[in-house]
Amino acid sequence: MWGTMAEKDLRFGERLRDKILEAGLNKKKVAERIGVSPGAMTNYIRAGRIPEAPILSALAQLLKTTVEELLKGPATKEGEARSVEALVRERDQAYSLAESLREKEILREQLERILREGNRAKIEAVRAQLVALDPGKKKGG
């Protein structure tokens, strides 16, 4: 869990310093506003000590950022691109599954119609197609 005294990340200190400067503040003003000592702010910035969760949350709110961005840095275009690629893959998989389900539904409808007609050869042909679409099911089931 983050927020323990032993956790340190020098990049965290750099990100915090940059966010303080972007906000037009200094570490003393930030310390006053979030209720910590200036020495604690120095530890966060210079030593990269990660503050306890409530302080981290207050920092993020004051500096108009997120806790995640303070801890990990801003999202990268590469990370966003990977997320988009993953969404596209998931969408394509969903379309493929929907097509497969629709094919199965059509075959089941054909099978029901054929059953009503009583044509044994057609029943077996459609049943074989269904089994081919769903290999997890046994023939005849």
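Quick note: the coordinates plus some simple rules give every number you see, no bench work behind them. These figures come from a predicted structure and were not determined experimentally. Note that we place each Cβ from the backbone using ideal geometry, even for glycine, and neighbour counts take in every protein chain shown.
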(request) Note down the nm distance, to one decimal, between modelled labels 7 Å out along Cα→Cβ at Leu25 and at Ala98. (result) 4.7 nm
(request) Just order 87-93, 64-70, 14-20, 25-31 by mean Cβ neighbour count inside 10 Å, highest at the front, would you? (result) 14-20, 25-31, 64-70, 87-93
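Arrange the peptides 42-55, 97-110 so that the one whose residues have, on average, the most other Cβ atoms within 10 Å appears first. Provide the component values of the computation, followed by the final result.
On the way: 42-55: 17.2, 97-110: 12.1.
Output ranking for 42-55, 97-110: 42-55, 97-110.
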(request) Please turn the phi angles of the stretch 53-63 into ³J(HN,Hα) values with the Karplus equation 6.51 cos²θ - 1.76 cosθ + 1.60 (θ = phi - 60°), one per residue in order, whole Hz, x for glycine and proline. (result) 3, x, 6, 4, 5, 5, 4, 4, 5, 4, 8
(request) Name the residues whose placed amide hydrogens come within less than 5 Å of the amide hydrogen of Arg49, ignoring near sequence neighbours (fewer than 5 apart) on the same chain. (result) Asp9, Tyr44
(message) Using a 7 Å offset from the Cα along the Cα-to-Cβ direction at both Glu68 and Arg116, what is the distance between the two label points in nm, to one decimal?
(response) 5.3 nm
(message) With a cut-off of 8 Å between alpha carbons and a minimum separation of six or more residues, what is the relative contact order of the stretch 10-72 in percent?
(response) 41 percent
